[in-house]
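The values are calculated or read from the model by the stated rules, or taken from the named source; none is laboratory data. Because the structure is predicted, anything quoted here is derived from the model rather than measured. Here the Cβ positions follow ideal geometry from the backbone for every residue, glycine too, while neighbour counts run over all protein chains shown. Keep in mind that these areas ignore ligands, DNA and RNA; they rest on the heavy atoms of the full protein, side chains included. Shrake-Rupley method; radii C 1.70, N 1.55, O 1.52, S 1.80 Å.
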Amino acid sequence: MSAVIEARNLSRWYGNVLGISEITLDIEPGITALLGPNGAGKSTFMKIITGQLKANIGQVRIFGQPVWNNRHIFRRLGFCPESDAFYEELDGLEFLTGLLSLYGYDRKECLDRANRALELVELKDASRRPIRSYSRGMRQRIKIAQTIAHDPEILILDEPLSGLDPLGKRRIIRLIKEFRDAGKTVVVSSHVLPEVEALTSEIILIHNGKILARGDIHFIRELLDSHPHMIRIKSPQYRELARLLAPEEYVLNITFEPEASAVVFETHHRDRFFNRLNELVLDPGLDLEEITSPDDNLQAVFDYLVGR
Amino acid sequence: MAEVREKGYHHWEGQLQDKGRAFWPITRTGIKLAFQRKRFKFLFALSMMPAITFAVGVYISERLEDFKFMAQGAERTLQVNPGFFRTYLSLDFIFFMILLLMALGGAGLIADDFRHKAIQLYFARPLTRLDYLLGKAGVVMFFVGLLTLVPALILFLLKLLFSGSFKFFLDYPWLPLSIVIYSAFLMIFFTCYVLLASSVSKNRNYVIALIFAVYYFSEIARGIFYVIFRSPYSILLSIPGNLQQVAAAVFQVKPVQAVPWYLSFLVLSVFCLLSIFFLRRKLRGVEVIR
């Protein structure tokens, strides 16, 4: 499959602050996820490929054409920014028709396309309500509607799942997968690993403005499994719990937090650990108040990958 | 590829409008949003009061005999000549209403886009920064034009209509052009002024305060400098003062102060150029660092 987006040695800095550094990659049709913690450089990369920022060094080409100052490319590209970018006083239909008219469509075509996009994101019933009355999920969907209304071939979605409830997330994930099935190229950014897993297996890990890893998400997961997991359990009987779990071979380390009545375990085998914990919980007299994984987040993944 | 088309692509065979009109949807939306505000409609109606009063004045000037009982001693004031149009177009109340309308309908033009980060929605579309600025400028120009150019031309036509002859036109054939030139100057100046203010902050209220503060502070500064130096050139510090000086030159009447008009024109033009320069810089920096 040939690359739709080609980035070559892209670097961009803001004064002394580095946005991205020497990013070279090809993105093919399908869903590609840009994964990285806040400030990693995802938004900078997205702004460069949507032509809003010029790279200080390097070039990005879409369909073989340079992006910067190339208005023709923007007809084939849809961008969904992370932030709410609305005219609150307008209703959903007016908002979409207004943006569609910037492409030069006549009024009837704008209306047709806006209605079709609203139907796709299941907002047809709310199309005449002012955007200020929309819920978080509806706002996210209207943003996606403006991204797809002109039938772009490439969709750039910046954190499309942030702030959504589980139902809202499922809706958006289904929608994004439909775009993929329709043959579009979708680039999604996120800083939440499980969200990305639900969307695609093709990920690009960005950290400190550089590409840290690229490829199948299962490979990344394997890397994680070879890294000890931390499990923090809060319980009035935290010492007793530690005594019961300490003999297990997969428990590598135990740290007490007496002031919080908690104990932190480190283990290579999370599944075996939790199986044993389930057995223990069935014993009367052992109360667990809270179980958390302090390192089950993207920052921990990156810390591990960069060897911190 | 055939499969892809069946699944979702919608192919349109229509003709896209040429790129020269790319700014128009932005202008249209801006005007529409302004009129959606209830207070704006009321103020807009109120801003038409001077035009109506002047129209009555034009009518009375042609019927002085009939209105002698109430127009005694006001014959000079009711004389319709280039000075009459200069007075209308440089009336303090007109300037005040322009500021007031722009505070409501223009302050958020760019500020709101910055606040909501909507600029990225514009520039992810086939739209240049110039298109964007022209679109926003169109909103201010539209309203300033409705308060200046349109009423002034209507007053001119009313004068011809009420007098029943073309004598007035033959006496001052250049007057329609003066009206157009000065109104266009006002439109350009206030557009630069309002857009500059709107681009300074993301907070619309702050922009509104700035629009009024700079305008009236310039007038206060003029007063202070005049008291200290007793120089007529202090008028160059005042926005309304400079506008009135230019108006006097365009309508060929005696200026407020004995200061060459081109100096006032220069001051306002430099202000406009600096505004454009600043606006372009502001729009270039659409960057978010998180």
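The table below gives the values:
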| read-out | value |
| --- | --- |
| Meets criteria (open to solvent by 40 Å² or more (accessible area, probe 1.4 Å) and in a helix (DSSP H, G or I)) for B:V207 | no |
| Residue within the stretch A:97-105 that is of a type in the set (V, I, T), open to solvent by less than 10 Å² (accessible area, probe 1.4 Å) and closer than 28 Å to B:G135 by Cβ present | no |
| Residue satisfying all of: in the stretch A:30-40; assigned to a strand (DSSP E or B) and over 12 Å from A:R214 (Cα atoms); farthest from the other protein chains (Cβ to nearest Cβ) among these | A:I31 |
| Yes/no for B:I224 being in a helix (DSSP H, G or I), open to solvent by less than 10 Å² (accessible area, probe 1.4 Å), away from every other protein chain (no Cβ under 14 Å) and among the β-branched types (V, I, T) | no |
| Some residue of the stretch A:20-29 being in a loop (DSSP other than H, G, I, E, B), closer than 20 Å to B:P126 by Cβ, within 11 Å of chain B (Cβ to nearest Cβ) and touching a residue at least 40 places away in the same chain (Cβ under 8 Å) | no |
| Tabulated pairs, the stretch B:273-290, first within 14 Å of another protein chain (Cβ to nearest Cβ) and assigned to a helix (DSSP H, G or I), second modelled with pLDDT of 85 or more and open to solvent by 40 Å² or more (accessible area, probe 1.4 Å), C-beta under 8 angstrom, 6+ apart or interchain | B:L283/B:R129; B:R284/B:R129 |
| Helices (runs of 4 or more DSSP H) contained entirely in the stretch B:87-173, each with at least 1 residues that are modelled with pLDDT of 95 or more, β-branched (V, I, T) and open to solvent by 60 Å² or more (accessible area, probe 1.4 Å) | B:149-163 |
| Close pairs from the stretch B:9-37: first under 20 Å from B:L195 (Cβ atoms) and at pLDDT 55 or above, partner assigned to a loop (DSSP other than H, G, I, E, B) and open to solvent by less than 30 Å² (accessible area, probe 1.4 Å), Cβ under 6 Å, at least 6 apart | B:A22/B:L127; B:P25/A:L102 |
| Counted residues, the stretch B:241-254 - those being surrounded by 19 or more Cβ atoms within 10 Å (Cβ to Cβ) and outside any helix (DSSP H, G or I) | 1 |
| Any hit, the stretch A:196-212, residues being in the same structural domain as A:S21 (by TED's automatic domain parsing), buried (at least 17 other Cβ atoms within 10 Å of the Cβ), at pLDDT 80 or above and on the phi > 0 side of the Ramachandran plot | yes |
| Selected residue (criterion: nearest to the other protein chains (Cβ to nearest Cβ)) from residues of the stretch A:128-147 that are open to solvent by less than 10 Å² (accessible area, probe 1.4 Å) and either within 22 Å of A:Y103 (Cβ to Cβ) or of a type in the set (K, R) (or both) | A:Q146 |
| Flag for A:G163 being away from chain B (no Cβ under 11 Å) and more than 24 Å from B:I119 (Cβ to Cβ) | no |
| Selection within the stretch A:236-267 - open to solvent by 70 Å² or more (accessible area, probe 1.4 Å) and assigned to a loop (DSSP other than H, G, I, E, B) | A:P236, A:P247, A:E249 |
| Flag for B:F278 being closer than 30 Å to B:Y122 by Cα and surrounded by fewer than 17 Cβ atoms within 10 Å (Cβ to Cβ) | yes |
| Selected residue (criterion: farthest from A:W13 (Cα to Cα)) from residues of the stretch A:41-80 that are open to solvent by less than 10 Å² (accessible area, probe 1.4 Å), more than 9 Å from chain B (Cβ to nearest Cβ) and part of a loop (DSSP other than H, G, I, E, B) | A:V67 |
| Every residue from the stretch A:118-127 that is in contact (Cβ under 8 Å) with a residue 24 or more places away in the chain, more than 10 Å from every other protein chain (Cβ to nearest Cβ) and in a helix (DSSP H, G or I) | A:L118, A:A126 |
| Matching option when the condition is under 30 Å from B:I119 (Cβ atoms), buried (at least 16 other Cβ atoms within 10 Å of the Cβ), under 23 Å from the mean Cα position of the chain (by Cα) and of a type in the set (S, T, N, Q), among B:S238, B:S264, B:S269 | B:S269 |
| Residue list for the stretch A:86-115, restricted to those being free of Cβ contacts under 8 Å to residues at least 40 places away in the same chain, in a helix (DSSP H, G or I) and facing chain B (nearest Cβ under 7 Å) | A:G98, A:S101, A:E109 |
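Here's the yes/no breakdown for (1) touching a strand residue (DSSP E or B) at 6+ places or on another chain (Cβ under 6 Å); (2) within 24 Å of A:S43 (Cβ to Cβ):
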site: A:E122; (1), (2): no, no
site: A:A126; (1), (2): no, no
site: A:R129; (1), (2): yes, no
site: A:G137; (1), (2): no, yes
site: A:A145; (1), (2): no, yes
site: A:I154; (1), (2): yes, yes
